[in-house]
């Protein structure tokens with residue numbers, strides 16, 4: 001079964017004829033490690049399904065990169081605000097590993113809203129993304145970078161292994177040196 | 001025109017017969033200042049439209065209240081995760097002023113998904129809430145509490161006037177004393 005079909009089925013009932021309409025509009029793309037799938041200032045005209053790979057969302061701030069989110073497969077992604085309002089994106093999306101994605105053009109995605117299944121799928125997905133964003137926000141409002149890093153470790157988050165230290169530090173809102181120190185303290189014999 | 005109808009019309013085309021179906025399910029409620037519309041641990045079985053008043057979302061953490069969001073009219077609100085997954089809410093919703101709301105039961109809200117207009121409205125609304133949450137998150141990741149407070153001042157945010165200092169401080173992630181100091185510095189003659 002197509003991985004995107006499998007993914008949609010986790011959220012909604014998907015009649016075969018609906019899936020065929022969706023599938024006929026999908027285009028496969030492969031992005032090499034280090035490539036930008038979207039650059040700040042561009043309008044994001046697509047919604048994507050990440051089949052394999054690993055992505056980083058970041059913004060540029062005073063000449064440095066601040067990491068916002070990381071996306072692991074299987075999941076959908078776009079630059080929501082840019083996609084919905086057709087305005088330049090305020091973020092970049094980078095492939096941290098070679099990434100295989102399925103692309104759906106904005107015009108096609110909108111046409112597909114005629115399908116009840118697609119409409120429901122998108123609504124549920126956006127709600128889920130909203131939960132995730134709210135959780136990150138709550139976590140930042142309530143916990144120090146050190147506690148947040150410790151929790152990622154305890155939860156066995158793949159981010160700890162996969163994300164380069166400098167990106168993980170900016171995601172946690174601290175300097176790379178501070179994260180190194182936290183790592184060192186946590187791995188010292190007294191812990 | 002009913003304020004909720006007016007609100008929906010900002011997002012989607014709303015045929016009269018669709019509005020009538022929605023309107024027939026709405027119930028008016030008034031909450032006195034200081035009342036909790038939702039308590040942590042309860043399941044939120046309603047979606048609400050805030051016609052007048054002012055709300056605060058907060059969680060309890062180590063015996064103190066941490067403010068997450070504030071909602072001003074006209075806007076819709078619920079405890080999304082609790083509402084969608086039928087699990088106990090991890091947050092409280094408090095009326096900071098006397099608040100007039102229109103309530104729609106979960107079962108009714110779900111039945112209304114048969115209407116294309118309602119489906120589209122909810123999707124767009126959730127997307128908008130997602131934008132707002134992402135903006136707050138980005139703001140916290142990138143700026144100090146002082147800069148965030150200064151920006152609220154510059155933008156003429158009603159939060160500065162309406163929200164008690166202790167709630168605003170916890171929203172900014174700082175102690176009330178620190179916010180008092182920031183306020184004092186900003187109002188000193190050298191600024």
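The values are calculated or read from the model by the stated rules, or taken from the named source; none is laboratory data. It should be emphasised that the depicted structure is a prediction, and the values quoted were computed from it without experimental measurement. Glycine also receives a Cβ, built like all others from the backbone with ideal geometry; neighbour counts cover every protein chain displayed.
Here are a few things to note about the model shown:
- Odd one out for residue B:130 among (1) buried (at least 19 other Cβ atoms within 10 Å of the Cβ); (2) modelled with pLDDT of 90 or more; (3) assigned to a helix (DSSP H, G or I): (2)
- Being more than 29 Å from residue A:168 (Cβ to Cβ) and either within 14 Å of chain B (Cβ to nearest Cβ) or in contact (Cβ under 8 Å) with a residue 60 or more places away in the chain (or both) holds for only one residue in A:81, A:64, A:106, and it is A:106.
- Residue ID - nearest to residue B:138 (Cα to Cα), chosen from residues in the range A:118-127 that are more than 7 Å from chain B (Cβ to nearest Cβ) and surrounded by 18 or more Cβ atoms within 10 Å (Cβ to Cβ): A:125
- Residue selected from the range A:46-61 under the condition within 11 Å of chain B (Cβ to nearest Cβ) and crowded, with 16+ Cβ neighbours inside 10 Å, by the criterion farthest from the chain's Cα centre (by Cα): A:59
- Number of positions in the range B:28-45 that are loosely packed, with under 12 Cβ neighbours inside 10 Å and either in contact with a strand residue (DSSP E or B) (Cβ under 6 Å, 6 or more places away or on another chain) or under 28 Å from residue B:116 (Cβ atoms) (or both): 1
- Apart from one condition, residue B:176 fits all of (1) more than 8 Å from chain A (Cβ to nearest Cβ); (2) farther than 18 Å from residue B:70 by Cα; the exception is (2).
- All conditions in (1) within 14 Å of chain B (Cβ to nearest Cβ); (2) out of contact with any helix residue (DSSP H, G or I) (no Cβ under 6 Å at 6 or more places or on another chain); (3) assigned to a loop (DSSP other than H, G, I, E, B) hold for residue A:73, with the sole exception of (1).
- Whichever residue in the range B:136-150 is in a helix (DSSP H, G or I) and more than 9 Å from chain A (Cβ to nearest Cβ) and, among such residues, is surrounded by the most Cβ atoms within 10 Å (Cβ to Cβ): B:149
- Hits in the range B:78-95 - residues which are surrounded by fewer than 19 Cβ atoms within 10 Å (Cβ to Cβ) and in a loop (DSSP other than H, G, I, E, B): B:86, B:87, B:88, B:90
- Taking the criterion of being in contact with a strand residue (DSSP E or B) (Cβ under 8 Å, 6 or more places away or on another chain) and surrounded by 14 or more Cβ atoms within 10 Å (Cβ to Cβ), the residues of the range A:2-27 that qualify are A:3, A:4, A:7, A:22, A:25, A:26.
- Residues of the range B:9-64 satisfying the condition of being assigned to a strand (DSSP E or B) and farther than 23 Å from residue A:141 by Cα: B:27, B:28, B:29, B:30, B:31, B:46, B:47, B:48, B:49, B:50, B:51, B:52
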